[in-house]
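For reference, the structure discussed in these notes is given below.
The values are calculated or read from the model by the stated rules, or taken from the named source; none is laboratory data. Nothing here was measured: the structure is a model prediction, and the numbers come from that model. Counting neighbours? That spans all protein chains shown, and the Cβs are built from the backbone with ideal geometry, glycine included. We work out accessible area using only protein heavy atoms, side chains counted, and drop any ligands, DNA or RNA first. Shrake-Rupley method; radii C 1.70, N 1.55, O 1.52, S 1.80 Å.
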Amino acid sequence: MLRPMSVVAQIKEVTARAIKELFNHELNANDVLVNATKPEFEGDYTIVLFAFVKQLKKSPDTLGNELGEYLIKNHSTIFSSFNIIKGFLNLAITDYYWIEFLQSAYSNASFGIKEKNGQRVMVEYSSPNTNKPLHLGHLRNNFLGWSIAEILEVNGYDVIKTCIVNDRGIHICKSMIAWQLFANGATPESTNTKGDHFVGDYYVKFNDELKKQVEELINKGIDKETAEKEAPIMKAAQQMLIDWEAGKPDIIELWKKMNSWVYAGFDATYKRIGSDFEKTYYESNTYLLGKDLVEEGLQKKVFYQKEDSSVWIDLTKDGLDEKIVRRKDGTSVYITQDIGLAEQKQKEFNAQRSIYVVGDEQNYHFKVLKLICQKLQLPSADGIYHLSYGMVELPSGKMKSREGTVVDADDLVDEMINISKQKTAELGKVKDFTTDELNALYDTIGLGALKFFLLRVDPKKKMIFNPEESIDFHGFTGPFIQYTYARIKSILRKPEAISRESGVKNLLPLEKALAIQLETFPASIEESAAEYDPSKIAIYIFELAKTFNSFYAEHSIANAETEEKKTVRLQLAQLTAQVLETGIGLLGIKVPERM
RNA sequence: CGUCUCAUAGUUUAAUGGAUAAAACGAGCGUUUCCUAAACGCUUGAUCCAGGUUCGAUUCCCGGUGAGACGACCA
């Protein structure tokens with residue numbers, strides 16, 4: 001099926017053709033700059049003429065007039081009138097065009113969704129550590145990763161969502177040793193604690209105990225650095241890591257038991273926030289990957305060995321530093337595992353692109369990772385893309401677990417759901433709902449507010465979260481969009497078939513504004529995929545909802561002046577509802593039928 | 001010391017080099033016999049400083065100031 005081109009794409013194309021015919025000048029359609037016309041001028045879309053004034057050696061006015069007249073003469077179904085102001089050619093689009101658009105799109109359930117393009121993409125996100133529960137930063141990561149995967153999916157890609165669980169290493173051993181020392185056999189069940197929080201508590205206990213021991217050693221005259229290394233509990237953790245690597249049965253058993261507690265907790269949280277993965281990798285299985293590639297790199301002379309037999313790569317010519325890829329004791333480092341995992345993913349899924357949703361503190365790491373893979377000429381190399389996002393910070397700065405300022409994911413979700421419960425009760429609009437229906441509604445609204453809050457900002461930018469101020473339910477928020485949707489549904493609930501031919505010839509300004517905005521939905525989805533940026537969609541659906549609300553306040557739909565108007569407004573309402581649902585769905589947010 | 005990010009109304013955020021910089025929250029005023037007032041309308045207010053490129057700069061380049069991240073055989 002041939003997808004109809006967007007108005008903007010058509011304007012570009014037609015303009016390029018016009019310039020070729022009128023002035024015999026070749027122009028790429030993409031070089032035509034088309035903007036929405038500013039509200040203070042007459043017209044819908046504007047061509048910026050400056051760009052080709054020079055090449056064509058014409059004044060903007062002459063050029064604009066010739067072009068404008070050509071467009072109206074040759075494409076009268078699209079363009080109705082034009083005016084030129086200071087080098088801007090403002091074009092008015094015919095009502096006919098918008099009415100046709102509405103009739104073709106209002107009942108098209110896949111409006112904005114592309115067909116499969118045969119390309120595969122992997123999206124890795126979440127990446128939790130099994131020594132503590134998820135926090136606000138993980139939420140931004142999860143929502144972003146899930147949303148990007150979804151956005152790529154509707155853009156035609158075959159998407160594989162993956163997660164690498166950091167389930168081994170010294171930090172896990174810290175929780176384990178603390179449990180051995182202080183738990184007296186307690187379990188999540190015996191203490192009625194969620195598994196990930198239970199294990200996280202022992203990680204905190206470890207650090208408390210370590211601090212105590214370090215202070216004692218310092219009082220004995222040992223310097224801080226040595227004290228931290230020599231504290232008995234730290235030595236015990238390090239010994240445990242060695243035992244783990246050696247596969248000592250009782251350690252492995254304890255490790256498995258504690259991790260299983262954590263996974264039960266993670267699963268509950270993921271289920272609640274709607275995160276899922278097609279494939280989960282565990283670092284305990286992948287940490288040895290990449291060793292072969294070190295050998296290969298040495299042979300290819302991409303890597304070199306120092307006197308102590310450690311292996312390095314020299315990236316100084318690329319403006320970076322030297323980087324170790326294998327320790328002198330033969331063990332691999334973080335980056336080596338990632339090289340190995342990149343190849344592993346490539347072998348398993350053969351994706352054209354591999355996206356890593358990881359915080360911007362690791363920008364350097366991913367730059368190095370991609371560069372090394374390229375130098376090794378690995379097939380996965382060029383497809384590596386680090387989707388770097390900014391940290392979530394508090395007004396006081398970074399969240400610090402040691403200072404207890406970390407905003408816990410479960411707590412925050414609870415709070416959001418409670419607020420939505422409270423507000424729903426205050427408004428009292430759904431008193432006839434069953435308990436199940438109410439609980440589902442609270443989840444929808446509370447999570448909607450939270451996800452929208454975290455996704456409405458450009459991922460690249462760090463964001464401030466103030467725990468003192470609760471996340472808003474008014475204005476540029478998830479509930480605003482959900483509410484708009486629910487209002488439309490209440491109109492559409494009255495059983496009434498919407499006929500395709502409305503018969504109207506003209507649109508009122510607010511009807512037209514809505515139609516124009518609806519028409520750009522596919523472009524908005526494309527843009528957010530091209531830039532890996534869900535906030536583009538968040539902004540789009542917010543503006544759409546706003547336009548609809550203005551329209552709704554001004555014009556009656558069910559009691560429209562004429563049957564024709566009623567039909568065209570029902571089409572507008574139905575398409576708006578559908579676009580809002582699809583759009584906000586790409587952010588992982590549900591819409592309620594009533595609220 | 002070096003590399004890289006960021007700096008826009010009181011606050012949180014928008015703006016492929018294009019017209020008089022756009023919203024939300026906050027503050028103030030108003031809107032409901034009629035499809036959901038979690039809404040709508042009006043008022044208020046900003047590009048860190050100094051140069052440069054350009055017909056045109058929030059956007060690109062140079063310098064400065066301020067904030068952050070990274071450059072660890074941690075991940």
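Structure notes:
- Some residue of region A:398-420 being under 28 Å from A:ASP292 (Cα atoms), open to solvent by 20 Å² or more (accessible area, probe 1.4 Å) and under 23 Å from the mean Cα position of the chain (by Cα): no
- Selection status of A:THR162, of a type in the set (Val, Ile, Thr) and either part of a helix (DSSP H, G or I) or free of Cβ contacts under 8 Å to residues at least 24 places away in the same chain (or both): no
- The set of residues in region A:190-227 that are open to solvent by 80 Å² or more (accessible area, probe 1.4 Å) and over 14 Å from A:TRP179 (Cβ atoms) comprises A:ASN192, A:LYS211, A:LYS212, A:GLU215, A:GLU216, A:ASN219, A:LYS220, A:ASP223, A:LYS224, A:GLU225.
- Residues (in a helix (DSSP H, G or I) and touching a Gly at 6+ places or on another chain (Cβ under 9 Å)) located in region A:331-341: A:ILE335, A:THR336, A:GLN337, A:ASP338, A:ILE339, A:GLY340, A:LEU341
- A:ASP360 closer than 26 Å to A:PHE143 by Cβ and surrounded by fewer than 21 Cβ atoms within 10 Å (Cβ to Cβ): yes
- Verdict on A:ALA149 being without any contact (Cβ under 8 Å) to a residue 40 or more places away in the chain and either within 16 Å of RNA strand B (Cβ to nearest atom) or farther than 23 Å from A:VAL199 by Cβ (or both): yes
- Check on A:LYS546, open to solvent by 10 Å² or more (accessible area, probe 1.4 Å), farther than 29 Å from A:LEU587 by Cα and not acidic (Asp, Glu): no
- Output for region A:443-468, where each listed residue is more than 7 Å from RNA strand B (Cβ to nearest atom) and not in a loop (DSSP other than H, G, I, E, B): A:ASP443, A:THR444, A:GLY446, A:LEU447, A:GLY448, A:ALA449, A:LEU450, A:LYS451, A:PHE452, A:PHE453, A:LEU454, A:LEU455
- Filter result for A:PHE101 (at pLDDT 95 or above, open to solvent by less than 10 Å² (accessible area, probe 1.4 Å) and more than 30 Å from A:PHE349 (Cα to Cα)): no
- Residue check for A:PHE266: part of a loop (DSSP other than H, G, I, E, B), modelled with pLDDT of 90 or more and among the aromatic types (Phe, Trp, Tyr): no
- Single match in A:GLN305, A:GLN352, A:GLN299 (criterion: open to solvent by 20 Å² or more (accessible area, probe 1.4 Å), under 28 Å from the mean Cα position of the chain (by Cα) and not acidic (Asp, Glu)): A:GLN352
- The lone exception for A:MET258 - which of (1) at pLDDT below 95; (2) more than 18 Å from A:LYS375 (Cα to Cα) it fails: (1)
- Test: residue in region A:558-575 that is near RNA strand B (Cβ under 9 Å from one of its atoms), at pLDDT below 95, open to solvent by 10 Å² or more (accessible area, probe 1.4 Å) and small (Gly, Ala, Ser): yes
- Selection within region A:421-437 - open to solvent by 40 Å² or more (accessible area, probe 1.4 Å) and either under 30 Å from A:GLY145 (Cβ atoms) or part of a helix (DSSP H, G or I) (or both): A:LYS421, A:GLN422, A:LYS423, A:ALA425, A:GLU426, A:LEU427, A:THR435, A:ASP436, A:GLU437
- Only listed residue being open to solvent by less than 20 Å² (accessible area, probe 1.4 Å) and closer than 27 Å to A:ASP158 by Cα, chosen from A:PHE277, A:PHE366: A:PHE366
- Qualifying residue in region A:25-40 (condition: away from RNA strand B (no atom under 16 Å from the Cβ), modelled with pLDDT under 90 and either more than 19 Å from A:ALA523 (Cα to Cα) or among the hydrophobic types (A, V, I, L, M, F, W, C) (or both)): yes
- Complete set of residues in region A:168-227 that are basic (Lys, Arg) and assigned to a loop (DSSP other than H, G, I, E, B): A:ARG168, A:LYS194, A:LYS220
- Per the conditions (1) out of contact with any helix residue (DSSP H, G or I) (no Cβ under 8 Å at 6 or more places or on another chain); (2) closer than 23 Å to A:PRO128 by Cα; (3) within 13 Å of RNA strand B (Cβ to nearest atom), the sole criterion not satisfied by A:THR336 is (1).
- Between A:THR77, A:THR62, the distinction of being part of a helix (DSSP H, G or I), open to solvent by 50 Å² or more (accessible area, probe 1.4 Å) and either more than 30 Å from A:THR567 (Cα to Cα) or without any contact (Cβ under 8 Å) to a residue 24 or more places away in the chain (or both) belongs to A:THR62 only.
- Any pair with Cβ under 9 angstrom, 6 or more apart, that starts in region A:408-420 at a residue that is on the phi > 0 side of the Ramachandran plot and ends at one that is open to solvent by less than 20 Å² (accessible area, probe 1.4 Å) and part of a helix (DSSP H, G or I): none
- Of all residue pairs spaced 6 or more apart or on separate chains, those with beta-carbon atoms under 6 Å, a first member in region A:376-401 that is touching a residue at least 12 places away in the same chain (Cβ under 8 Å) and a second member that is open to solvent by less than 40 Å² (accessible area, probe 1.4 Å) and assigned to a loop (DSSP other than H, G, I, E, B) are A:LEU376/A:VAL302; A:LEU387/A:TYR532; A:TYR389/A:PRO459; A:VAL392/A:PHE465.
- Taking (1) under 18 Å from A:ILE113 (Cα atoms); (2) open to solvent by 60 Å² or more (accessible area, probe 1.4 Å) in turn, A:LYS505 satisfies each apart from (1).
- Region A:469-487: number of residues that are part of a helix (DSSP H, G or I) and near RNA strand B (Cβ under 6 Å from one of its atoms): 5
- Taking (1) at pLDDT below 95; (2) within 30 Å of A:LYS114 (Cα to Cα); (3) open to solvent by less than 50 Å² (accessible area, probe 1.4 Å); (4) not in a loop (DSSP other than H, G, I, E, B) in turn, A:VAL53 satisfies each apart from (2).
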